Amino acid sequence: MSRPMPKPGPFPVRTSTTEETSAGGIVVDFDSAELNVAIIARINRAGRLEWCLPKGHLEGDETAAEAARREIAEETGVSGSVIAPLGSVDYWFSVSGNRIHKVVHHFLLRATGGTITVENDPDQEAVDAAWFPLDRLGETLSFANERRIVAASRSLIPSLPPVRLR
């Protein structure tokens with residue numbers, strides 16, 4: 001005697017997918033002996049502190065490089081000039097049942113001025129900003145994809161001559 005096939009379970013609920021594009025990167029103080037990089041700390045959804053590279057969404061018609069420069073200045077207080085693109089990372093996450101596909105374009109920047117602070121972050125996502133030596137970023141940054149971006153920057157940095165700001 002054959003057994004009846006089980007009924008299929010509930011069908012998965014379809015979720016919408018949103019595409020997001022952000023830009024940010026590594027802003028280096030080439031006047032510092034340790035090649036300090038400005039990074040930020042955020043509190044994640046689980047309430048843990050995460051150190052990461054400054055980044056944010058493109059606004060209006062700005063290019064990824066323009067957005068990187070603006071976001072870094074807003075989140076760290078440090079202005080910079082773009083030297084080179086470092087590559088992009090993409091990842092997926094969910095928020096309230098909505099799947100987000102995010103692409104982040106990273107750039108290498110030379111620090112040109114400013115004072116390290118999170119006071120000008122309009123979204124108030126950054127809870128701290130600090131200078132960290134480039135050689136310590138691998139142990140400091142919370143995300144593997146950002147550590148890979150830092151590794152990619154290393155091949156460009158030795159060839160760049162320091163510029164003194166006066």
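The values are calculated or read from the model by the stated rules, or taken from the named source; none is laboratory data. All values reported here derive from a predicted model rather than from experimental measurement. A quick note on method: Cβ atoms are made from the backbone with ideal geometry, for glycine too, and the neighbour counts reach across all protein chains shown. In case anyone asks, the SASA skips ligands and DNA or RNA and just uses the protein heavy atoms, side chains included. Shrake-Rupley method; radii C 1.70, N 1.55, O 1.52, S 1.80 Å.
Figures for the structure shown
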quantity: Accessible surface, 1.4 Å probe, highest first, among residues Glu146, Glu62; calculated: Glu62, Glu146
quantity: Heavy-atom accessible area ranking, 1.4 Å probe, most first, across Glu125, Glu75, Glu139; calculated: Glu139, Glu125, Glu75
quantity: Point-charge dipole on Cβ atoms (K/R +1, D/E -1) for the range 34-102, about Cα centre, debye to 20; calculated: 400 debye
quantity: Separation of the Ser142 and Thr112 label points, Cα + 7 Å toward Cβ, nm; calculated: 3.1 nm
quantity: Accessible surface, per residue, of the chain when the full set of protein chains is kept, probe 1.4 Å, Å²; calculated: 60 Å²
quantity: Accessible area, probe 1.4 Å, largest first, for residues Thr140, Thr17, Thr115, Thr76; calculated: Thr115, Thr17, Thr140, Thr76
quantity: Gained length - Val127 relative to Ser94, 0.36 nm times residue gap less alpha-carbon distance; calculated: 9.6 nm
quantity: 0 to 90° range, to nearest 10: angle between helix 144-154 axis and the chain longest Cα axis; calculated: 30 degrees
quantity: Nearest-10 value in Å² for the accessible area of Leu134, using the 1.4 Å probe; calculated: 10 Å²
quantity: Lys, Arg +1 and Asp, Glu -1 on Cβ, resulting dipole of the chain about Cα centre, debye, nearest 20; calculated: 880 debye
quantity: In Å², nearest 10: area of Asp128 left accessible to a 1.4 Å probe; calculated: 70 Å²
quantity: For Ser32, solvent-accessible area (1.4 Å; no DNA, RNA or ligand), Å²; calculated: 20 Å²
quantity: Folded to 0 to 90 degrees: helix 64-76 orientation relative to the chain principal axis, Cα; calculated: 80 degrees
quantity: Over the range 36-114: Kirkwood hydrodynamic radius from C-alpha pairwise inverse distances, Å; calculated: 13.8 Å
quantity: Reported label for calculated Kirkwood radius over Cα pairs in Å given (i) 15.6; (ii) 18.9; (iii) 17.3; calculated: (iii)
